[in-house]
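J.: If you scroll down you'll find the structure; I have some questions about it.
No value in this document is a laboratory result; all are computed from the given coordinates. Every value quoted in this text rests on a predicted model; they were computed, and no experiment measured them.
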Amino acid sequence: MSDAGLITVRSGFSVNATIDRLTAAVTSRGMAVFAAIDHAANAAEVGMDLRPTQLLIFGNPRAGTLLMQDQQSVGLDLPLRTLVWEDEAGDVWATYNDPHWLATRYALGQTSSGAVDAVAAGMPVVLAEATSGG
């Protein structure tokens, strides 16, 4: 599913398990995990309910720097991030920004096209590993 520059895939695992699997998938490929945010836990801390929702922020500083050298404002959407969330029916989803949409949004040029294409090719592989074991 793609909507407004977002790509969403269904996970066969819980939010926690999907985040753990995603963390393993990105780190096994040499990427760094910069932060993990548990939005549901943060909501609970202020007395509010939120279905399981976690954000993993990760990436490769070399690739991200190449993009920012092209258009520094792309740093607003870097490092990469994936939101893993549970819907009303209890199904779990993983959503991330479409790299080609980001390239268009920030008017990235030819110097960035290889990095954008690499991310666009790699994210489905990483997400498949995290959400289906593929």
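J.: So, in Å, what gap is there between the alpha-carbon centers of the range 47-105 and the range 15-40?
T.: 12 Å
J.: If you build a Gaussian network model of the chain, linking Cα atoms that sit under 10 Å apart, which residue out of W93, W101, W85 swings the most?
T.: Result for the chain, Cα springs under 10 Å: W101 fluctuates most.
J.: Select from T65, T111, T82 the residue whose mean-square fluctuation is largest in a Gaussian network model of the chain (Cα-Cα springs shorter than 10 Å).
T.: Per the Cα network of the chain with a 10 Å cutoff, T111 tops the list.
J.: I'd like to know how the chain sits against the 2.2 N^0.38 Å rule of thumb: what's its Cα Rg over that expected value?
T.: 1.06
J.: Which of A36, A44, A94 moves the most in a Gaussian network model of the chain with Cα springs under 10 Å?
T.: A44
J.: A further question follows. Which residues' amide hydrogens lie under 5 Å from the amide hydrogen of F34, considering only partners 5 or more residues apart or on another chain, with H built in the peptide plane?
T.: I57, F58, G59
J.: Taking θ = phi - 60°, what integer Hz values does the Karplus form 6.51 cos²θ - 1.76 cosθ + 1.60 yield along the range 94-101, in sequence order, with x for Gly and Pro?
T.: Values, residue by residue: 10, 10, 9, 6, 5, x, 5, 5 Hz.
J.: May I pose another question? Run the helix sum for the chain: -39,500 (n - 2.57) per DSSP H stretch of 4+ residues, divided by residue count, reported at 222 nm to the nearest 500 deg cm²/dmol.
T.: -13000 deg cm²/dmol
J.: Give the long-range amide H neighbours of L6: residues separated by 5 or more places, or on another chain, with amide H under 5 Å away, using H modelled in the peptide plane at 1.01 Å from N.
T.: Correct list: D98.
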